[in-house]
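Where a number appears in this text, it was derived from the coordinates with a stated rule and is not lab data. Here the structure is a predicted model, which means the values were calculated and not measured. Here the Cβ positions follow ideal geometry from the backbone for every residue, glycine too, while neighbour counts run over all protein chains shown.
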Amino acid sequence: MPIKPPLQSDFSSALTLTITNPPSPAQTPAPNILLLLHGLGDTAAGFTSFARALHLPETTIVTVQAPAPLPFDLGGFHWGDDVSFDSSTGALDMDSGFARATAILADDVVRDTLMGKCGYRPREIMVLGLGQGGMVGLALARALGKTEREAMGGVVSIGAPFALSGQSGGAKNRTPVLLVAGRDSLVVSDSAVRRTKEVFEFVELSRYARKGDGMPSNRDEMLPVMQFFARRLRSRQGVPEGSVEIG
């Protein structure tokens, strides 16, 4: 089945998402899909500016909004099965189970639409997630990649390891993973990195020189992500190292 570019009308009407086409439209569909998954309390619209800034060649970016609104008029959406609070900090806990969100992404977004209607293979689909979105991205890769043929193109998880609530055990998943985190991150700790490596066979770790697990704020912080994309994106013309830029 030849691939075709995804349209809003291809996806379930229950989903809220935006589609960002490649910076230089081609006559043929882009050979890559990147799913962007926002962090806790954000929206698809809020994360779409990052999709535009990426300027990824030959890549259609689909920014998906989490399925559940935060309670108490907090604004924004979350990926968790429930809302829980960290007993030590009182802040919202990122790791609150992701069975529902994983099923939506795996079945509705990837299998039914991107693979079923648009003809993409898992290897041609990548994920970049921030915080809770990164945990969901890793859970999605785990759910899809039960065999080497089903392994995704890659997952970039910024500020989040594989969730404690996730299912481990069995053969290691062959989807390549890049973990990005701040120096001395409490969330992406050494034990959390080891836990991720117990689930995924290929895991890279990049730490900022600064503290904080937020989005990359300059070229040096973005460079490992650029290099990961340059190695993993498919191209009909070849993707030179360092070709992905932001800003």
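When Leu37, Leu7, Leu114 are ordered from fewest to most other Cβ atoms inside 10 Å of their Cβ, what list results? Don't jump to the answer; show the numbers that get you there.
Numbers: Leu37 29, Leu7 11, Leu114 24.
So the ranking, lowest neighbour count to highest, is Leu7, Leu114, Leu37.
Exposure proxy ranking for Thr59, Thr196, Thr43, based on other Cβ atoms within 10 angstrom of each Cβ and starting from the fewest, stands as Thr43, Thr196, Thr59.
Can you compute the charge dipole magnitude of the chain about its Cα centre, using +1 on each Lys and Arg Cβ and -1 on each Asp and Glu Cβ, nothing else charged? Give it in debye, rounded to the nearest 20.
With only Lys, Arg, Asp and Glu charged at Cβ, the dipole is about 800 debye.
For Val156, the residues whose modelled amide H falls within less than 5 Å of its own, excluding neighbours fewer than 5 places apart on the same chain, are Val127, Leu128, Gly129, Leu178. Bridging of Lys4 to lysines at a Cα separation below 23 Å is possible for Lys117, once same-chain residues fewer than 8 apart are set aside. The ellipsoid that matches the Cα gyration tensor of the stretch 8-232 has semi-axes, each √(5λ) in whole angstrom, of 24, 20, 19, with the longest given first. Counting only the Cα atoms, the stretch 167-228 fills a convex hull of 82 Å³ per residue. Taking other Cβ atoms within 10 Å as a rough exposure proxy, Asp82, Asp42 sort from fewest to most as Asp82, Asp42.
Among beta bridges identified by DSSP and lying wholly in the chain, the antiparallel ones come to about 25 percent.
Most simply put, the stretch 20-77 has about 35% antiparallel DSSP beta bridges, counting only bridges with both residues inside it. For the listed peptides 8-16, 72-80, 93-101, a ranking on the average number of other beta carbons within 10 Å per residue, highest first, reads 93-101, 72-80, 8-16. Per-residue 3J(HN,Hα) values for the stretch 42-58, derived from phi via the Karplus relation 6.51 cos²θ - 1.76 cosθ + 1.60 with θ = phi - 60°, read 9, 9, 4, 4, x, 8, 5, 4, 5, 4, 5, 6, 5, 6, 6, x, 6 Hz in sequence order (x marks Gly and Pro).
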